[in-house]
């Protein structure tokens, strides 16, 4: 098949001269000498130049603003997404990602392998090495700081790509700014009854199941699960399955544990009447409306809502419109909806819909940690078995206050 006229023209322009590319949300360039900046009467955007600029092979769009929070490792975490789009007929390879402070100081650099590990597409939640013609991908960026005052109010991002058809073989997009919000993360209580060896499965920030699970709904991409946790539990032998039958939800350690309100609020949605799924695999078909199974959404004020999902059929003891107080029972942990093992899915979001909202970070005011499961791979292999999971101690084990339990950490609520 002969190349399209558009493809040929774009390739020719790319090869014609020096390439300077900018992200589509970058700050406006300074006006040319003698040019008075004007404002578009249609979009309100600023126009600052009379001359043509270079083509942009890589469009970079930031999702934000971002809200810093403190993780159970004691670090202040900032995590956000950058949408990348290849606008050329070339195959672009991201070779370097840089995050800079407003001063220009480089805060983080990802090499080619690290950039690929952080780059995801719908069918591949990491390890995307190249973008072919018109392809898009999401880059997941996470930084850690020693304290909240160390976090600048803006993070600028530069992405370098290579391709044989680019002048000098490379081009750099950016700086693309991400605004850091002053919004304080909500401080909550535990979402489960007192107990030991709860597992903060698939928590922030590198686990792909929640952090890298954007959903295209109603002509927009949402990431309600950005800071979700799947709470599971180990017994005193480090097993998720206490009984003898991994195919029976009731044999799992966490099954039947009480879910409780982590904050005062008003129940705005209840879903009930769905059966438990057989553990071991996700159900073949689940509608978006039933994905959370038997579930409760609570409005905790300030535009924030909490989701409790996958509870037992008939166990929910609250109703829509009911006021609840912190610690009040909501239901029992089950295995309903889109799930492969009994657990409590919990997250905080900026709207009442578990799907068409954005995930918001939060902290828990008091809990203890007693180690972590050694890897996601080990957890995935042993989750639906009667075999013990490998656990190792953490340097920060002990009491934690106003922090978010990170991925695979073992938590005690008292």
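Details
- Subset of the stretch 396-411 (residues that are assigned to a loop (DSSP other than H, G, I, E, B) and closer than 17 Å to residue 187 by Cα): 401, 402, 405, 406
- Scanning the stretch 376-386 for residues that are surrounded by 14 or more Cβ atoms within 10 Å (Cβ to Cβ) and either touching a helix residue (DSSP H, G or I) at 6+ places or on another chain (Cβ under 7 Å) or in a loop (DSSP other than H, G, I, E, B) (or both) yields a total of 3.
- Within the stretch 261-291, tally of residues that are assigned to a loop (DSSP other than H, G, I, E, B) and within 26 Å of residue 413 (Cα to Cα): 5
- Considering each residue of the stretch 397-414 in turn, none proves to be in contact with a helix residue (DSSP H, G or I) (Cβ under 7 Å, 6 or more places away or on another chain) and surrounded by fewer than 20 Cβ atoms within 10 Å (Cβ to Cβ).
- Within the stretch 375-398, residues that are at pLDDT below 95 sit with their Cβ atoms under 6 Å from residues that are exposed (fewer than 15 other Cβ atoms within 10 Å of the Cβ), at 6+ positions apart or across chains, in these pairs: 396/74.
- Every condition in (1) touching a helix residue (DSSP H, G or I) at 6+ places or on another chain (Cβ under 9 Å); (2) assigned to a strand (DSSP E or B) holds for residue 90 except the one numbered (2).
- Pairs where the first residue, in the stretch 100-127, is over 15 Å from residue 82 (Cβ atoms) and the second is buried (at least 16 other Cβ atoms within 10 Å of the Cβ) and modelled with pLDDT under 95, C-beta under 6 Å, 6+ apart: 125/212
- Across the stretch 98-141, the number of residues qualifying as assigned to a strand (DSSP E or B) and surrounded by 15 or more Cβ atoms within 10 Å (Cβ to Cβ) comes to 15.
- Scanning the stretch 334-350 for residues that are in a loop (DSSP other than H, G, I, E, B) and in contact with a strand residue (DSSP E or B) (Cβ under 9 Å, 6 or more places away or on another chain) yields a total of 9.
- Yes/no for residue 95 being surrounded by 15 or more Cβ atoms within 10 Å (Cβ to Cβ) and over 29 Å from residue 217 (Cβ atoms): yes
- Among the residues of the stretch 387-396, just one is in contact with a helix residue (DSSP H, G or I) (Cβ under 8 Å, 6 or more places away or on another chain) and under 24 Å from residue 347 (Cβ atoms), namely 389.
- Within the stretch 42-87, tally of residues that are in a strand (DSSP E or B) and free of Cβ contacts under 8 Å to residues at least 24 places away in the same chain: 2
- Single condition residue 331 does not satisfy, out of (1) more than 24 Å from the chain's Cα centre (by Cα); (2) not in a strand (DSSP E or B): (2)
The values are calculated or read from the model by the stated rules, or taken from the named source; none is laboratory data. Quick caveat: nothing in here was measured; it's all calculated off a predicted structure. So basically every Cβ, Gly included, is an ideal-geometry build from the backbone, and we count neighbours across all protein chains shown.
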